[in-house]
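Enquirer: Have a look at this one.
The values are calculated or read from the model by the stated rules, or taken from the named source; none is laboratory data. No experiment lies behind these values; they were computed from the predicted model shown. Cβ coordinates were reconstructed from backbone atoms using ideal geometry, including for glycine residues, and neighbour counts include every protein chain displayed.
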């Protein structure tokens, strides 16, 4: 059983897209997969509903908790129940430093931190590194640059700045580009690797394969 948290102390980094794609790959391996959605936009929950309309796809469970009504106690109880019922639970947590965000950090077996190459995202790194530095357990964590272009100056600067945090927040060597294909997949309740026909994008599928292998080895 794996508990995988995807998130950072900031919104708009594409965490739900990465959550959905990794969950789709795990489900394709005949694992029982759930997404614990604690995000205001409920993007992953809506994706699971659309996925449920296609009986040919491996199904995924969505557990929704409104962050405005959630407590750390309710979060812990729900996560414990999901951990008993499913092989993999992806925690899609909102982009704020809350008690639930920190509880998810503590509970997770694996943590994926998506960052977009930008000053705003880079500003979140020292705070997260400080939080993780207080953990007594070894943290299985990795940072992935999302919606990134390796040729852009900001991407190169981001990679350079992340070197200072490599012990606490190691950066994955492969990054994820900003591709329209991800939007098509979300609209169909699929991962990019499940798209067919004119929607198929080999580069996007390979990006998700690299991310998946980097997280699950």
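Enquirer: Residues of segment 187-206 being touching a residue at least 24 places away in the same chain (Cβ under 8 Å) and either more than 14 Å from the chain's Cα centre (by Cα) or surrounded by fewer than 16 Cβ atoms within 10 Å (Cβ to Cβ) (or both), which ones? Outline the logic, then answer.
Expert: Taking segment 187-206 and keeping what is touching a residue at least 24 places away in the same chain (Cβ under 8 Å), we get 187-194, 203-204.
Scanning segment 187-206 gives 187, 188, 189, 190, 192, 193, 194, 203, 204.
Enquirer: Something else about it: Restricted to segment 130-149, and to residues that are in a loop (DSSP other than H, G, I, E, B) and touching a strand residue (DSSP E or B) at 6+ places or on another chain (Cβ under 8 Å), which residue is surrounded by the most Cβ atoms within 10 Å (Cβ to Cβ)?
Expert: 146
Enquirer: Which is crowded, with 17+ Cβ neighbours inside 10 Å and in contact with a strand residue (DSSP E or B) (Cβ under 7 Å, 6 or more places away or on another chain), of 109, 121?
Expert: Details: 109 fails: crowded, with 17+ Cβ neighbours inside 10 Å.
From the options 109, 121, the qualifying one is 121.
Enquirer: Residue 30 versus (1) surrounded by 16 or more Cβ atoms within 10 Å (Cβ to Cβ); (2) modelled with pLDDT of 95 or more: which is the lone unmet condition?
Expert: (1)
Enquirer: Of the numbered conditions (1) within 13 Å of the chain's Cα centre (by Cα); (2) over 30 Å from residue 77 (Cα atoms), residue 108 satisfies every one except a single condition; which is it?
Expert: All conditions pass for residue 108, except number (2).
Enquirer: Another one. Considering only segment 150-206, state which residues are closer than 28 Å to residue 62 by Cβ, part of a helix (DSSP H, G or I) and touching a helix residue (DSSP H, G or I) at 6+ places or on another chain (Cβ under 7 Å).
Expert: 181, 182, 184, 185, 186, 188, 192, 193, 194, 199, 204, 205
Enquirer: Tell me which residues, restricted to segment 77-129, are in a helix (DSSP H, G or I) and closer than 22 Å to residue 161 by Cα.
Expert: Scanning segment 77-129 gives 119, 120, 121, 122, 125, 126, 127, 128, 129.
Enquirer: Taking residue 74, is it out of contact with any helix residue (DSSP H, G or I) (no Cβ under 6 Å at 6 or more places or on another chain), farther than 19 Å from residue 141 by Cα and in a helix (DSSP H, G or I)?
Expert: Numbers: out of contact with any helix residue (DSSP H, G or I) (no Cβ under 6 Å at 6 or more places or on another chain): yes; farther than 19 Å from residue 141 by Cα: yes; in a helix (DSSP H, G or I): yes.
Against the criterion (out of contact with any helix residue (DSSP H, G or I) (no Cβ under 6 Å at 6 or more places or on another chain), farther than 19 Å from residue 141 by Cα and in a helix (DSSP H, G or I)), residue 74 qualifies.
Enquirer: Test residue 63 against the criterion of being part of a strand (DSSP E or B), farther than 17 Å from residue 137 by Cβ, more than 13 Å from the chain's Cα centre (by Cα) and at pLDDT 95 or above, and give yes or no. Before you say what the answer is, go through the steps one by one.
Expert: On the way: part of a strand (DSSP E or B): yes; farther than 17 Å from residue 137 by Cβ: yes; more than 13 Å from the chain's Cα centre (by Cα): yes; at pLDDT 95 or above: yes.
Yes: the conditions hold for residue 63.
Enquirer: What number of residues within segment 82-131 are under 24 Å from residue 23 (Cα atoms) and without any contact (Cβ under 8 Å) to a residue 12 or more places away in the chain?
Expert: 1
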